[in-house]
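Participant: The structure's right below; bear with me while I get my questions together.
The values are calculated or read from the model by the stated rules, or taken from the named source; none is laboratory data. Everything numeric here is computed off the predicted structure, so don't read it as measured data. Don't worry about glycine lacking a Cβ; one is built from the backbone with ideal geometry, like all the others, and counts go over all protein chains shown.
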Amino acid sequence: MSETAPQPQLYVALDFADPKLVEPFVDQLNPGECGLKVGKELFTRGGPDLVRRLVQQGFPVFLDLKFHDIPHTVEQACKAACDLGVRLVNVHAMGGRAMMAAARRAVSESSGSPALIAVTVLTSMNQSALAEVGVTRPLAEQVSMLARLAQEEGLDGVVCSALEAHAMRRIFTQPVPAIVTPGIRPSGAALDDQSRVMTPSEAIFAGATSLVVGRPITRAPNPAGVVSDILASIASSD
Ligand SMILES: O=C(O)c1cc(=O)[nH]c(=O)n1[C@@H]1O[C@H](COP(=O)(O)O)[C@@H](O)[C@H]1O
């Protein structure tokens, strides 16, 4: 198991269509309070230089590219991700054991110390969406099965919904596992395309170690205020 840097309790998902919107948005946030998540949309438009700039500004960065490919390709992609100096990288557990082992090798051999986590079942999916892709096992069991595979291959944690966080704590027994939960909605916020959701304080209480929150922050009139409110609400659930 690698020695990884600590993870922030909150990653703000920077799902912006235009990279020019990132700088003024990020200027409102404090690297001591939250990390930033760069996903497929922003990375495809903004590229690695944008990620490097966020790292240079002192933010912990979660490069959320959910690699899912043959083992060699994922190994090389993970090396490239680590070279950017990010704090957290992810792969899809559905890529299988050999793919996760290749990712583990790449990240362990990198000079940085990002945590490597596996996406289990996307938080946008429910039981019937899972059945449509041929998985008839109960959703929670599917999450646990994939998490066990990831744990056996030495990954540092998982991405799952907060509904499964408690079960993940029994699978990842290291002192500081990375149980990263998107699908977080402050009470009353729109669900958007998320299915398996919890509020920030419920998620931390359930065992999540880092929350991923996008639209409830990025679309708010006062994003820094929402960040403060979320951090205050989880401080009492630790
Ligand atoms: O890996 C992820 O970050 C992720 C996994 C998952 O199962 N569900 C999920 O929503 N995400 C990401 O988390 C973010 C959630 O954004 P909001 O729904 O706007 O809060 C998006 O950037 C998603 O790509």
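Participant: Out of A165, A190, I need the residue that is under 17 Å from A13 (Cα atoms) and either outside any strand (DSSP E or B) or in contact (Cβ under 8 Å) with a residue 40 or more places away in the chain (or both). Which one?
Facilitator: A190
Participant: Any idea which of S187, S124 is surrounded by fewer than 17 Cβ atoms within 10 Å (Cβ to Cβ), more than 28 Å from E75 (Cα to Cα) and in contact with a Ser or Thr (Cβ under 7 Å, 6 or more places away or on another chain)?
Facilitator: Going through S187, S124 in turn, just one is surrounded by fewer than 17 Cβ atoms within 10 Å (Cβ to Cβ), more than 28 Å from E75 (Cα to Cα) and in contact with a Ser or Thr (Cβ under 7 Å, 6 or more places away or on another chain): S187.
Participant: Pairs under 6 Å by beta carbon, first residue farther than 19 Å from A162 by Cα in the stretch 130-147, partner at pLDDT 95 or above and surrounded by 11 or more Cβ atoms within 10 Å (Cβ to Cβ), six or more apart or different chains?
Facilitator: V135/Q142
Participant: On to the next question. Counting just the residues of the stretch 7-31 that are in contact (Cβ under 8 Å) with a residue 40 or more places away in the chain and of a type in the set (A, V, I, L, M), which one comes out nearest to L231 (Cα to Cα)?
Facilitator: Among residues in the stretch 7-31 that are in contact (Cβ under 8 Å) with a residue 40 or more places away in the chain and of a type in the set (A, V, I, L, M), the one nearest to L231 (Cα to Cα) is L10.
Participant: Return the residues of the stretch 12-22 that are under 18 Å from V86 (Cα atoms) and either charged (D, E, K, R) or loosely packed, with under 13 Cβ neighbours inside 10 Å (or both); say none if nothing qualifies.
Facilitator: D15
Participant: While we're on this one: Out of the residues in the stretch 102-122 meeting the condition of being assigned to a loop (DSSP other than H, G, I, E, B) and in contact with a Leu (Cβ under 9 Å, 6 or more places away or on another chain), tell me which one is farthest from V55 (Cα to Cα).
Facilitator: V121
Participant: If I filter the stretch 73-94 for residues that are away from the ligand (no atom under 16 Å from the Cβ) and assigned to a loop (DSSP other than H, G, I, E, B), do I get at least one hit?
Facilitator: yes
Participant: Let me ask another. Tell me which residues, restricted to the stretch 114-160, are more than 19 Å from G96 (Cα to Cα) and touching a strand residue (DSSP E or B) at 6+ places or on another chain (Cβ under 6 Å).
Facilitator: Result: P114, single match.
Participant: Then there's this: Keeping to the stretch 138-182, report how many residues are within 16 Å of the ligand (Cβ to nearest atom) and β-branched (V, I, T).
Facilitator: Number satisfying all stated conditions: 6.
Participant: Tally time: how many residues in the stretch 167-212 are among the hydroxyl-bearing types (S, T, Y), in contact with a strand residue (DSSP E or B) (Cβ under 8 Å, 6 or more places away or on another chain) and closer than 18 Å to A140 by Cβ?
Facilitator: Count: 1.
Participant: Continuing with the same structure: Tally up the residues in the stretch 25-49 that are of a type in the set (A, V, I, L, M, F, W, C) and more than 15 Å from the ligand (Cβ to nearest atom), please.
Facilitator: So the answer is 2.
Participant: Same structure, new question: Take the residues in the stretch 127-144 that are exposed (fewer than 15 other Cβ atoms within 10 Å of the Cβ) and of a type in the set (A, V, I, L, M), then tell me which one is farthest from P60 (Cα to Cα).
Facilitator: A131
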